[in-house]
Amino acid sequence: KKNIRTRPQYRVRARPEGSKSYPVDIIVFNGSNHSYENEYLIVECKKKKRKDGLKQLQDYLTFSKAQLGVWYNGEEKLYLRKIIGDGNINFEEIPNIPEFGKRVEDIGKFKRRDLQTTHNLKSDFKTIRNYLAGNASKIKNDLILSQQLINLIFCKIYDELNTAPDEDLNFRAGTGENPEKIKDRIYELFNKVKKKYDDVFDNTDNLILDAKSVAYVVGDLQNKCLVDAERDIIAEAFEVFIGKSLKGEQGQFFTPRNVIRMMIEVLDPKENEKIIDPACGTGGFLVESLRYVWNKIDEKGKKNKWSINQIENEKNEVAKKNISGIDDDVFLTKVAKAYMAILGDGRSGTFSENSLDKPDNWDEITKSKVKLNSFDILLTNPPFGSKIKVEGESILQQYDLGHKWKQNSKNQIWEKGKLKESESPQIIFIERCLDLLKENGKMAIVLPDGIFGNETLSYLRNWIIKKAKILAVIDIPLETFLPHTGTKTSILVLKKTTSEELSNDYKIFMAVADYCGHDRRGYKINEDDLPLIPKRFHEWFKKHK
């Protein structure tokens, strides 16, 4: 830190003995002595186009003793190395800058243990997207670009999972390395991914990015650990590339990882319990549920002195038999299957179907794995929004909540009436979720706050309390789904149970989280109330059981 200077602003001199100088935004020195002879790296942060930024950075490097430069305008970035030889100054773009204490030549020379976990990759994906959109040969469609990036992400995840801590990674780009060589290595890695997971990827799944684009993406991501990322990196990539304009209209807003973990810890699934997400998207709830249950298996195996093979076999059985997900978006389902396959061989339980359709209309393999009244745990964030509707008599007639409800003026009892023409998906999803649970099964669902308070939905709340016991209502901050949507949401936790248990009064755990670990723009903040909630819920539940 002592080597870095931002204020007072440093100025590089046009000549060693001259008086004319140019201000730089950030400068890094070789030591704590901030002198001309110690200049090492210059960072320019300007909202200019890449061509202008490159020229300015070259000028500053020419005037200074600095050997390295970074240009970043909030949308794009580049790394530059100055090379002096035969009295001439030349520049080359490099994949990244070296870590503190390492050389430029060490860039791309990573052991698996050297990778760093990260909280938020959105800025990386944003700059990658902008680079690819402007430079990738013959590919301008965001959907194709997103598929290509996600293929590369799976290459990296596969490489991390199949590389020992002391081994060199294949997902790397070194300084001065021929981009074609990098491309060939990554393409070979993707072929291994396809071969191992041939039921997820097929012959139409290919890497088609040019060598320079592959090198750029690899160079940007190579020092980061994706397997242990704190956020759903697949969902983040998808959000950045597809954006609100395309996916927001379908009500698809991906759930932050800390929200997912909080919901899972509240329900506390056991290793023998069947788990489902009927709106699984890219598989965030599935992946984290699998990890949560695997931790229980590790603890059980350690206690009972199981062998490593016994523990791994138990984990594989759980992944194959107990984890299920459904989503009607074919691309998202494929991403979820690939993600589950690479992390834990749980791909066989992920299906592309309309969860709200009649189960008889599902594919045979889906029907054999997903049955109503058969799941112990359900976790989901269903699509919601005023612009999307569930329509069609064949679908709506399955549901009580697909009908109109009217309160009898004499006895104040709600009575089911005629079939509606359409209904919001979040309302129908509540009923389908309860349909999927077995008796005493539990669910946690993200819902817009209107469900809990709108007077016009009184019939819905009345219906819920006759079908399930409310275990908890957890108010989460407005910032939770920002910057993608400002819809205020809460989490409803239910237990599907008998009318006998519902006939008695009972207490409900209520919680308000003021902070969710990021601000309105998605940037990390230290304050996060969500990890505190599960422990308080379980303590409260024991007390009021």
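The values are calculated or read from the model by the stated rules, or taken from the named source; none is laboratory data. What you are looking at is a predicted structure, and each value in this text was computed from that prediction instead of being measured. Using ideal geometry, Cβ is built from the backbone for each residue, glycine included, and neighbour counts are taken over all protein chains shown. Please note that ligands, DNA and RNA were not included when accessible areas were found on the heavy atoms of the full protein model with its side chains. Shrake-Rupley method; radii C 1.70, N 1.55, O 1.52, S 1.80 Å.
Observations on the model:
- Solvent-accessible area assigned to carbon and sulfur over region 1-107 amounts to 50 percent, based on a 1.4 Å probe.
- Kirkwood Rh, angstrom, region 386-433 [1 / mean 1/r, Cα pairs]: 11.4 Å
- Scaled radius of gyration (Cα, divided by 2.2 N^0.38 Å) that region 27-118 gives: 1.14
- Whole-Å semi-axes of the ellipsoid equivalent to the chain (Cα gyration tensor, √5λ, descending): 49, 26, 23
- The H on the amide N of Val12, modeled in the peptide plane, is under 5 Å from the matching H of Tyr22, Val24, each at least 5 residues off or on a different chain.
- Per-residue ³J(HN,Hα) for region 34-39, Karplus 6.51 cos²θ - 1.76 cosθ + 1.60, θ = phi - 60°, Hz, x for Gly and Pro: 8, 10, 4, 5, 9, 4
- Other residues with beta-carbon under 12 Å from the beta-carbon of Gly417 carry, at +1 per Lys or Arg and -1 per Asp or Glu, a net charge of +3.
- 12 Å tail of the calculated P(r), region 449-490, as % of Cα pairs: 66 percent
- Diffusion coefficient, µm² s⁻¹, Stokes-Einstein with Kirkwood Rh over alpha-carbon pairs of region 332-375 at 4 °C and 1.567 mPa s: 115 µm²/s
- Label point at Glu527 placed 7 Å out along Cα→Cβ; residues across region 215-230 whose backbone nitrogen lies under 19 Å: none
- Taking region 323-430 and dividing mean pair separation by its residue count, relative contact order in percent (alpha carbons under 8 Å, at least six apart): 21 percent
- Every pair of different Cα atoms in region 113-195 enters the Kirkwood calculation, which places the hydrodynamic radius at 14.3 Å.
- For the chain, share of DSSP beta bridges that run antiparallel, in % to the nearest 5: 65 percent
- Taking trypsin sites (Lys or Arg not before Pro) across region 256-363, the ones in a DSSP loop with at most 10 further Cβ atoms lying within 10 angstrom of their Cβ are Lys305.
- D_trans [Stokes-Einstein, Kirkwood Rh over alpha-carbon pairs] for region 307-434, 37 °C, 0.692 mPa s, µm² s⁻¹: 194 µm²/s
- Percentage relative contact order, the chain, counting C-alpha pairs under 8 Å, at least six apart: 9 percent
- Equivalent ellipsoid semi-axes - Cα gyration tensor, region 423-467, angstrom: 19, 12, 10
- In the chain, the calculated helix contribution to ellipticity at 222 nm averages -11500 deg cm²/dmol per residue, counting -39,500 (n - 2.57) for every DSSP H run with n ≥ 4.
- Under 12 Å, Cβ to Cβ, from Thr175 - net charge with Lys/Arg +1 and Asp/Glu -1: 0
- Dimensions in Å of region 268-372 - Rg and Dmax from alpha carbons: 14.2, 46
- With all pairs of separate Cα atoms included, region 421-545 yields a Kirkwood hydrodynamic radius of 15.9 Å.
- Sparse-neighbour loop sites [trypsin sites (Lys or Arg not before Pro); region 94-162; at most 16 other C-beta within 10 Å; DSSP]: Lys102, Arg103, Lys109, Lys138, Lys140
- Cβ-based net charge around Lys109, under 11 Å, with every Lys or Arg adding one and every Asp or Glu removing one: -2
- Cα-based shape type of region 261-307, given that a ≥ b ≥ c are square roots of the gyration tensor eigenvalues and the cut on a/c is 1.5: prolate
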